Amino acid sequence: MSLLSCPFCNELFVTGEGKKCPVCGIALVAFERLPTSDGSDEDDLPSQPEWEPLGSTFLGRGRGALAALALAGLAAFFLPWVHVTLPDIVTYTGSDIARRIGWVWGAAVGWLTILPTVLSRQSVMQMRGARVAVSFLGAVPGVTVLVLFAQPPHAAHGVPLRFSFEWGLYATLALSIAAVAFGLLFGGKVEDIAVRRGTSAGQVVH
């Protein structure tokens, strides 16, 4: 049996019952020509709001905060980390130290990798799935700082050395701690997802 359907109200009719929908007045079309369902319900609400794309400009649920922390961490990498007063007076930034101690570049790589990792996540579930990776990347600069604290520069060949750690290094440690904290909460809770109408509060979220 061939079926016809109204494109507007989706009412079904048997071929021969008419050419127009008696309710909507719209021409009927073959049922098989109608587009398939996109998984939304009758109110055009997503069936799984935790997978709904939030857009590239969405900055909530820790996304904007982590991106800002990564940019601030990169800036801190080029700020003074160590100030030497003896035998010479010179100030070293994080990048200066990295040129002498290769593994220090890990701090910059951590910040650089956080940015695309965070900004490429388009839904709540994608954000939550990246928590471990983002937290690990955020911890790398902090671990770098702690290793420098534990193994500070030392005198060589009997030449006295006097230095002090500068605020860029402490800022990197603070930003790293904040990045780990936001990384562990990246994406927020699935119980309070805002959808196009109302919220998911009180609903079963799959």
Discussion item. I'm trying to understand the selection: among the residues of segment 38-72, which are part of a loop (DSSP other than H, G, I, E, B), of a type in the set (Gly, Ala, Ser) and either at pLDDT below 85 or surrounded by 14 or more Cβ atoms within 10 Å (Cβ to Cβ) (or both)?
Written reply: 39, 47, 55, 56, 62
Discussion item. For residue 96, only one of the following conditions fails: (1) of a type outside the set (Phe, Trp, Tyr); (2) on the phi < 0 side of the Ramachandran plot; (3) touching a residue at least 24 places away in the same chain (Cβ under 8 Å); (4) surrounded by 13 or more Cβ atoms within 10 Å (Cβ to Cβ). What is its number?
Written reply: (3)
Worksheet item: Quick one: how many residues across segment 113-129 are assigned to a loop (DSSP other than H, G, I, E, B) and surrounded by 16 or more Cβ atoms within 10 Å (Cβ to Cβ)?
Response: 3
Discussion item. Out of the residues in segment 140-161 meeting the condition of being among the small types (Gly, Ala, Ser) and open to solvent by 30 Å² or more (accessible area, probe 1.4 Å), tell me which one is modelled with the highest pLDDT.
Written reply: 150
Worksheet item: Quick one: in segment 167-192, which of the residues that are open to solvent by less than 50 Å² (accessible area, probe 1.4 Å) and not in a helix (DSSP H, G or I) is nearest to residue 111 (Cα to Cα)?
Response: 186
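The values are calculated or read from the model by the stated rules, or taken from the named source; none is laboratory data. Just so you know, these numbers come straight off a predicted model, no measurement behind them. Here the Cβ is made from the backbone with ideal geometry for all residues, glycine too, and neighbour counts use every protein chain on show. Keep in mind that these areas ignore ligands, DNA and RNA; they rest on the heavy atoms of the full protein, side chains included. Shrake-Rupley method; radii C 1.70, N 1.55, O 1.52, S 1.80 Å.
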